[in-house]
Amino acid sequence: MSAAVSSTVALGGDFAGALPELAVPWRAEQFPDARLLVLNEALAIELGLDPSFLRSADGVRILTGDLVPEGATPVAQAYAGHQFGGYSPRLGDGRALLLGELRGADGRLRDLHLKGSGMTPFARAGDGLAAVGPMLREYLVSEAMHALGVPTTRSLAVVATGRAVRRETMLPGALLARIASSHLRVGSFQYVAASRDLDLLRRLVDHAIRRHHPHLADAENPALALFEAVVAAQASLVARWMLVGFVHGVMNTDNMTISGETIDYGPCAFLDAFDPATVYSSIDAGGRYAYGNQPLVAEWNLARFAETLLPLMHEDPDEAIALAQEALGRFRPTYETAWTAGMLRKLGLGDGADAGEASAVIAELIPLMRDSRVDWTSFFRGLATVARGGADPVRGRFIDLAGFDAWARRWTALGPDADAMDAANPVYIPRNHLVEEALASATAGDLGPLERLLGAVTAPYVPRPGLERYAEPAPEDFGAYRTFCGT
Ligand code: AMP
Ligand code: MG
């Protein structure tokens with residue numbers, strides 16, 4: 001074991017110290033029968049933590065918030081948010097706690113946060129708890145996203161609490177220990193803006209800059225500089241979601257980070273059949289957070305973020321709005337550039353390819369895939385075989401065969417690089433039918449299927465013998481997939 005790992009968890013109180021108005025000191029509920037279900041050893045080591053200590057009785061007590069390391073002050077964070085377009089002035093961590101910040105080997109601070117650790121003053125009607133299935137789901141999907149190169153919060157551990165949780169049925173309870181660059185959200189700024197406390201708003205901006213964009217500390221207009229940085233980070237993030245076929249499912253402003261990391265894996269799912277109208281969440285009846293709407297929603301959320309910063313952007317409200325609009329105007333081109341660059345990588349087309357022709361090839365592919373509801377992930381991976389001149393595994397998925405053939409000729413003429421495609425197109429993603437299977441087994445006490453799926457999706461680009469099943473689209477009888485927010 002390297003010298004950097006230690007038999008304790010050193011936690012600071014960066015957020016609680018800088019923004020006490022947003023931090024309610026609180027303790028986790030006690031779970032005397034807690035039992036570790038999964039530990040992310042690689043992440044623990046990356047953070048300078050000793051995995052064998054985390055597996056010990058004291059380690060598990062830290063991971064459940066029962067044992068608070070010296071110097072740490074666990075807090076529930078206050079925030080507001082637009083949920084499905086409607087504003088809630090007071091949401092906050094209803095069942096979560098920020099235990100404190102860890103300083104990694106790279107010198108950066110990261111939040112150690114618990115989800116499902118009991119009721120807080122923000123719990124409203126909730127029970128403060130979480131069930132094993134949804135916490136393992138967040139662990140699995142967030143770690144898959146990380147392996148796919150998508151910025152995300154990470155999952156350090158899931159601990160069974162030993163407490164039953166009442167949902168539609170009684171379910172075994174669990175909590176998730178989560179690592180994030182921070183838990184600042186658009187909703188944090190909305191909460192402060194509503195208080196009309198400009199000093200607090202200034203401190204929040206300074207804190208966000210310190211945590212995420214220290215090079216902006218000397219910016220002439222820090223609020224504007226922060227906004228521009230978040231616009232860029234979110235444009236890039238959502239482009240990555242779209243490229244891997246990720247549907248977040250609940251893009252409320254309290255679930256949009258300032259760091260540009262994906263957060264709060266609730267009713268999320270990966271596309272199989274390509275259709276921009278795809279919605280998985282049972283509570284999203286209007287399709288607000290459909291796959292194809294995600295860039296628009298991100299832009300809408302960023303407009304809400306901009307509103308919170310107006311008083312700091314310029315003393316003249318009209319000037320402030322003009323500055324914010326100009327900065328927000330950069331979202332679409334930044335998103336388009338990131339998405340197009342990603343599609344070119346998926347199609348194996350480098351900088352050398354004729355740009356106009358390459359754009360046309362992308363634009364033609366999308367409706368072809370949609371009309372035949374082609375499986376998003378396996379199509380691109382299979383297409384590399386076409387680039388190699390091998391037997392075509394994808395042609396048969398198109399209804400319009402002549403249309404596909406014409407497209408494939410145009411694409412092949414651009415000289416796609418099959419090896420580059422393999423590096424850009426995953427073989428394994430957390431497919432919905434596999435996730436359901438793994439979570440059902442885990443809820444019944446067998447973690448084997450979850451561990452195997454986790455093994456597949458955390459090394460997504462390298463096909464391995466024995467994992468063929470994990471690369472296949474859902475069987476026909478899997479039917480329409482629904483995810484539930486009652487987590
Ligand atoms: P989410 O959309 O899951 O991020 O949650 C939205 C809000 O509901 C946040 O304020 C959560 O803390 C709160 N919340 C969700 N589930 C529970 C629960 N079981 N108990 C208390 N609060 C909850
Ligand atoms: Mg949330």
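A few remarks follow.
- Single residue of segment 329-350 satisfying the filter (of a type in the set (S, T, N, Q) and under 17 Å from Ala424 (Cα atoms)) that is most open to solvent (accessible area, probe 1.4 Å): Thr337
- Looking across segment 85-110, the residues that are outside any strand (DSSP E or B), closer than 28 Å to Gln294 by Cβ and more than 10 Å from ligand 1 (Cβ to nearest atom) come down to Gly85, Pro89, Arg108.
- Exactly one residue out of Ala194, Ala164, Ala219 is within 16 Å of ligand 1 (Cβ to nearest atom), more than 21 Å from the chain's Cα centre (by Cα) and free of Cβ contacts under 8 Å to residues at least 12 places away in the same chain: that is Ala164.
- The condition (being within 24 Å of Val165 (Cα to Cα) and either surrounded by fewer than 18 Cβ atoms within 10 Å (Cβ to Cβ) or touching a Pro at 6+ places or on another chain (Cβ under 8 Å) (or both)) is satisfied by just one residue among Leu91, Leu63, Leu97: Leu97.
- Top-ranked residue of segment 257-267 - restricted to ones that are within 15 Å of ligand 1 (Cβ to nearest atom) and more than 9 Å from the chain's Cα centre (by Cα), ranked as farthest from Arg431 (Cα to Cα): Thr257
- Once segment 229-271 is narrowed to residues that are of a type in the set (Phe, Trp, Tyr) and touching a Lys or Arg at 6+ places or on another chain (Cβ under 9 Å), the residue that is farthest from ligand 2 (Cβ to nearest atom) is Phe270.
- Thr483 being closer than 19 Å to Ser142 by Cβ and either in the same structural domain as Glu138 (by TED's automatic domain parsing) or at pLDDT below 95 (or both): yes
- A Cβ distance below 9 Å, combined with a sequence gap of six or more or placement on separate chains, defines the contacts here; from segment 80-93, residues that are away from ligand 2 (no atom under 11 Å from the Cβ) reach residues that are of a type in the set (Val, Ile, Thr) and not in a loop (DSSP other than H, G, I, E, B) in the pairs Ala80/Val192; Ala80/Thr253; His82/Val186; His82/Thr253; Tyr87/Thr253.
- Residue within segment 37-46 that is buried (at least 22 other Cβ atoms within 10 Å of the Cβ), of a type outside the set (Ser, Thr, Tyr) and in a loop (DSSP other than H, G, I, E, B) present: yes
- Those residues of segment 235-256 which are within 11 Å of ligand 1 (Cβ to nearest atom) and of a type outside the set (Val, Ile, Thr), in sequence order: His248, Gly249, Met251, Asn252, Asp254, Asn255, Met256
- With respect to the conditions (1) on the phi < 0 side of the Ramachandran plot; (2) in contact (Cβ under 8 Å) with a residue 12 or more places away in the chain, Gly128 falls short on a single one, namely (1).
- Breaking point among (1) closer than 20 Å to Gly85 by Cα; (2) in a helix (DSSP H, G or I); (3) open to solvent by less than 20 Å² (accessible area, probe 1.4 Å), for Pro267: (2)
- Total residues in segment 111-142, condition away from ligand 1 (no atom under 12 Å from the Cβ) and surrounded by fewer than 24 Cβ atoms within 10 Å (Cβ to Cβ): 3
- Of the candidates Ala353, Ala273, Ala320, the single residue that is more than 26 Å from the chain's Cα centre (by Cα), open to solvent by less than 50 Å² (accessible area, probe 1.4 Å) and closer than 27 Å to Ala420 by Cβ is Ala353.
- Pair list, Cβ < 6 Å and 6+ apart or interchain, from segment 407-418 residues that are in contact (Cβ under 8 Å) with a residue 24 or more places away in the chain to residues that are in a loop (DSSP other than H, G, I, E, B) and among the basic types (Lys, Arg): Ala418/Arg388
- Spans of helices (runs of 4 or more DSSP H) in segment 432-487 with at least 3 residues under 19 Å from Gly266 (Cβ atoms) and touching a strand residue (DSSP E or B) at 6+ places or on another chain (Cβ under 9 Å): 432-443
- Screening segment 174-228 for residues that are surrounded by fewer than 17 Cβ atoms within 10 Å (Cβ to Cβ) and of a type in the set (Gly, Ala, Ser) and picking the one that is nearest to ligand 2 (Cβ to nearest atom) gives Ala194.
- Count - residues of segment 391-414 that are modelled with pLDDT under 95 and either closer than 25 Å to Asp354 by Cβ or of a type in the set (Lys, Arg) (or both): 1
The values are calculated or read from the model by the stated rules, or taken from the named source; none is laboratory data. Remember, predicted model here, so these are calculated numbers, not experimental data. Every residue, glycine as well, gets a Cβ built from its backbone with ideal geometry; the counts of neighbours run over all protein chains shown. In case anyone asks, the SASA skips ligands and DNA or RNA and just uses the protein heavy atoms, side chains included. Shrake-Rupley method; radii C 1.70, N 1.55, O 1.52, S 1.80 Å.
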